[in-house]
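Following: one structure in structure tokens, then a few remarks.
The values are calculated or read from the model by the stated rules, or taken from the named source; none is laboratory data. Quantities reported herein were computed from a predicted structural model and do not represent experimental measurements. Because the Cβ atoms are built from the backbone with ideal geometry, glycine has one as well, and the counts that use them run over all protein chains shown. Ligands, DNA and RNA are excluded from the accessible area calculation, which covers all protein heavy atoms including side chains. Shrake-Rupley method; radii C 1.70, N 1.55, O 1.52, S 1.80 Å.
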Protein chains: 6
Amino acid sequence: MIYVTRREVFSAAHRLYNPRLSDEENEKLFGKCSNPNWHGHNYVLEVVVKGEIDSLTGYVIDLKELKRIIRENIIEKLDHKNLNLDVDFLKGKIPSGENLVVAIWNQLEGKITNGKLHAIKLFETENNYFEYRGEEN
Amino acid sequence: MIYVTRREVFSAAHRLYNPRLSDEENEKLFGKCSNPNWHGHNYVLEVVVKGEIDSLTGYVIDLKELKRIIRENIIEKLDHKNLNLDVDFLKGKIPSGENLVVAIWNQLEGKITNGKLHAIKLFETENNYFEYRGEEN
Amino acid sequence: MIYVTRREVFSAAHRLYNPRLSDEENEKLFGKCSNPNWHGHNYVLEVVVKGEIDSLTGYVIDLKELKRIIRENIIEKLDHKNLNLDVDFLKGKIPSGENLVVAIWNQLEGKITNGKLHAIKLFETENNYFEYRGEEN
Amino acid sequence: MIYVTRREVFSAAHRLYNPRLSDEENEKLFGKCSNPNWHGHNYVLEVVVKGEIDSLTGYVIDLKELKRIIRENIIEKLDHKNLNLDVDFLKGKIPSGENLVVAIWNQLEGKITNGKLHAIKLFETENNYFEYRGEEN
Amino acid sequence: MIYVTRREVFSAAHRLYNPRLSDEENEKLFGKCSNPNWHGHNYVLEVVVKGEIDSLTGYVIDLKELKRIIRENIIEKLDHKNLNLDVDFLKGKIPSGENLVVAIWNQLEGKITNGKLHAIKLFETENNYFEYRGEEN
Amino acid sequence: MIYVTRREVFSAAHRLYNPRLSDEENEKLFGKCSNPNWHGHNYVLEVVVKGEIDSLTGYVIDLKELKRIIRENIIEKLDHKNLNLDVDFLKGKIPSGENLVVAIWNQLEGKITNGKLHAIKLFETENNYFEYRGEEN
């Protein structure tokens with residue numbers, strides 16, 4: 001079993017805000033991360049696929065194909081967007097790093113047919129990052 | 001002459017938008033960078049001070065002091081903020097990297113009294129960065 | 001299950017030295033790492049916590065809280081310190097990267113109450129790093 | 001159980017090419033990665049060894065020893081070489097990242113006697129990397 | 001005057017070889033860098049443009065335009081290529097980092113019409129890089 | 001004129017301490033950086049040499065030669081050493097980043113005979129760095 005990783009970047013705005021709570025409660029829970037005028041990040045996304053090596057190509061998955069899948073399904077939908085307002089598959093979710101890695105996993109899982117999706121890692125800043133390996137792990 | 005650099009980071013939202021132009025013109029000029037719902041970045045700021053070494057301390061400027069000056073005057077005003085809406089010293093400016101480095105220079109120039117401000121560098125992403133060294137350069 | 005990581009840095013002095021051995025044996029075992037006048041590093045510490053997402057916040061653990069726990073229990077005790085002389089929880093231990101990750105794990109394990117400590121990673125240099133995931137792993 | 005990692009770098013040329021296929025088929029499968037005049041990379045290699053801490057040294061494995069093993073068995077054979085033409089242990093293999101991590105594992109596995117080889121990670125570019133943890137994983 | 005930098009990456013093969021010298025002399029001058037079977041690098045290119053800020057856009061130069069100019073004139077001609085064999089504007093040149101920065105400068109200088117080309121920086125490895133600022137500097 | 005840069009790393013211990021002052025004054029001036037038990041850093045050193053390209057080699061200076069000069073004159077004397085106690089050319093100097101870049105310049109200036117020493121850059125941490133370009137600049 002080999003683990004193959006592709007790294008992509010995107011820039012987006014968000015705020016941490018739970019619409020079930022009052023503004024005061026949001027401010028108390030999330031502090032400056034809840035600024036109503038938004039803030040943003042350069043996110044670094046790593047997608048890890050595992051599988052056996054195809055003897056014809058030496059590949060688990062063609063990384064040009066993995067790059068295309070990530071760009072079409074994730075980067076084009078998140079880059080230079082507002083994660084609270086602009087993204088269909090994040091509707092109704094607080095755009096924390098934790099919720100993002102699960103949502104990105106769910107977007108990509110069915111699209112990867114060579115190899116199997118193993119992990120989603122997301123760096124929100126150089127000091128904070130998040131990883132999800134699917135429900136069974 | 002020694003050049004001393006302090007690096008700080010902040011996360012902010014912005015959009016590129018010129019209020020003197022129509023929405024169509026802004027969209028044409030700035031593309032996805034003009035998304036009305038904002039996007040954002042993890043900015044990396046480098047402040048370069050030049051000066052002679054003080055023989056008592058071995059310092060040009062105490063970097064703890066430079067850090068305090070940058071945090072009070074720049075980071076506290078920009079971190080987790082909207083650069084179009086929330087920042088007094090950016091009012092009326094398109095928050096491009098170019099305008100940001102000049103505005104940050106103008107904020108800091110009078111505050112640095114040990115040594116002399118030499119350059120402001122600002123990384124908007126890992127691929128794009130900006131530098132300003134004052135009017136004479 | 002989500003894995004959340006917080007990165008912090010600290011600078012410290014140490015030497016590799018086993019007090020049960022002679023100076024010659026220490027020199028032979030550890031070479032220049034045993035310099036009696038000390039040497040030092042900028043350590044990069046990553047603390048990984050795993051847990052389920054709290055639907056109220058979208059968090060496994062509030063990273064501001066995790067940052068506070070790491071700073072109070074680890075960074076304040078190790079930053080700008082001598083790891084052989086100054087640190088209560090390292091007393092009697094050779095301050096190798098291996099012993100450091102175990103000692104940091106033991107310091108943090110009981111302090112993390114949202115989620116569960118999953119791993120401690122410590123970069124001693126850009127080329128050498130260490131990881132510990134607790135006794136069972 | 002502690003995981004100890006040593007990072008080394010090497011520069012090499014390669015092309016993706018399957019000698020069982022025609023030039024047209026290679027071009028179709030591998031695109032620009034199949035350029036007959038070669039291209040190349042700065043590879044970053046990470047070797048992860050796991051084991052218990054030796055109480056005499058505080059080490060799982062002496063990193064100077066691990067560095068020597070990697071340099072003698074891998075770096076001297078791959079650095080400034082052509083991975084399709086110059087390397088005995090890659091003969092007959094398409095030098096994809098996937099095949100490289102397996103081949104490097106096989107070269108190193110028997111050489112590590114303090115601790116046990118746990119993983120080989122190989123960064124081909126800043127965006128693409130590969131990991132292998134042996135057959136049983 | 002503002003300095004704007006765009007970073008791009010490419011992977012290429014080369015060897016250091018002076019066709020006016022014998023193979024023995026090349027081997028003596030260049031050592032392993034002269035391997036006749038080639039080796040290669042992931043090059044990191046930084047292009048620095050200086051100019052005044054356009055008040056309509058807040059830009060010195062639109063970085064999407066600078067990216068397009070670099071990709072069309074440099075990256076498409078160098079990425080996954082052999083620098084000794086495949087590149088028209090390097091014909092007859094030893095592809096050292098020094099010669100590369102001058103050749104890339106000459107390719108780009110006439111193409112940049114907003115602002116003025118200020119510097120070309122090229123990282124051959126993480127430890128070696130080269131800079132050229134034009135003949136007058 | 002081309003600028004060629006070689007990067008090297010070393011690990012060392014130091015404390016900021018002026019022997020002409022009392023312990024209380026040192027503590028007040030330097031804070032935790034004055035810890036009498038030392039602390040330390042992984043320093044990153046960049047040495048910049050400028051010159052014309054030699055048409056025989058395509059080099060300003062052979063980077064293997066520059067690496068050898070830096071290792072013999074700087075790295076062997078600073079790596080795994082105490083900058084206050086162990087280094088002849090730092091005797092009597094407070095080992096601040098500022099004093100270090102000047103001292104390293106003075107060590108290297110006469111040793112570089114192909115090209116001319118242009119700058120010394122020293123990163124003390126990822127957030128603090130220092131540069132010196134000789135007396136005339």
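Observations, loosely collected:
- Any chance B:Leu63 is of a type in the set (A, V, I, L, M), within 9 Å of another protein chain (Cβ to nearest Cβ) and within 15 Å of B:Thr5 (Cα to Cα): yes
- Flag for D:Leu83 being touching a residue at least 40 places away in the same chain (Cβ under 8 Å), closer than 30 Å to A:Val44 by Cβ, touching a Leu at 6+ places or on another chain (Cβ under 6 Å) and surrounded by 22 or more Cβ atoms within 10 Å (Cβ to Cβ): yes
- None of C:Val101, C:Val48, C:Val60 is within 29 Å of D:Lys50 (Cβ to Cβ), touching a Leu at 6+ places or on another chain (Cβ under 7 Å), modelled with pLDDT of 95 or more and among the hydrophobic types (A, V, I, L, M, F, W, C) except C:Val101.
- Selection status of D:Glu76, under 19 Å from the mean Cα position of the chain (by Cα), among the acidic types (Asp, Glu) and more than 11 Å from chain E (Cβ to nearest Cβ): no
- Residue check for C:Thr125: β-branched (Val, Ile, Thr) and in contact (Cβ under 8 Å) with a residue 12 or more places away in the chain: yes
- Scoring A:Tyr3 on the criteria (1) more than 14 Å from the chain's Cα centre (by Cα); (2) open to solvent by 70 Å² or more (accessible area, probe 1.4 Å) leaves a single failure, condition (2).
- Candidate set: the stretch C:121-137, residues that are assigned to a strand (DSSP E or B) and within 10 Å of chain D (Cβ to nearest Cβ); chosen: the one surrounded by the fewest Cβ atoms within 10 Å (Cβ to Cβ): C:Asn128
- Residues satisfying the stated conditions in the stretch F:6-39, i.e. open to solvent by 50 Å² or more (accessible area, probe 1.4 Å) and basic (Lys, Arg): F:Arg20, F:Lys28, F:Lys32
- Count of the stretch D:70-80 residues which are open to solvent by less than 40 Å² (accessible area, probe 1.4 Å) and free of Cβ contacts under 8 Å to residues at least 60 places away in the same chain: 1
- Residues (without any contact (Cβ under 8 Å) to a residue 24 or more places away in the chain and under 21 Å from the mean Cα position of the chain (by Cα)) located in the stretch F:41-64: F:Lys64
- Looking only at residues in the stretch C:10-40 that are touching a residue at least 60 places away in the same chain (Cβ under 8 Å) and among the hydrophobic types (A, V, I, L, M, F, W, C), the one that is nearest to the other protein chains (Cβ to nearest Cβ) is C:Ala13.
- Subset of the stretch A:94-113 [in contact with a Gly (Cβ under 8 Å, 6 or more places away or on another chain) and crowded, with 17+ Cβ neighbours inside 10 Å]: A:Ile94, A:Pro95, A:Ser96, A:Glu98, A:Asn99, A:Trp105
- Any hit, the stretch A:50-69, residues being open to solvent by less than 30 Å² (accessible area, probe 1.4 Å), on the phi < 0 side of the Ramachandran plot, among the charged types (D, E, K, R) and touching a helix residue (DSSP H, G or I) at 6+ places or on another chain (Cβ under 9 Å): no
- The residues of the stretch C:128-137 that are out of contact with any Ser or Thr (no Cβ under 9 Å at 6 or more places or on another chain) and not hydroxyl-bearing (Ser, Thr, Tyr), listed by number, are C:Arg133, C:Gly134, C:Glu135, C:Glu136, C:Asn137.
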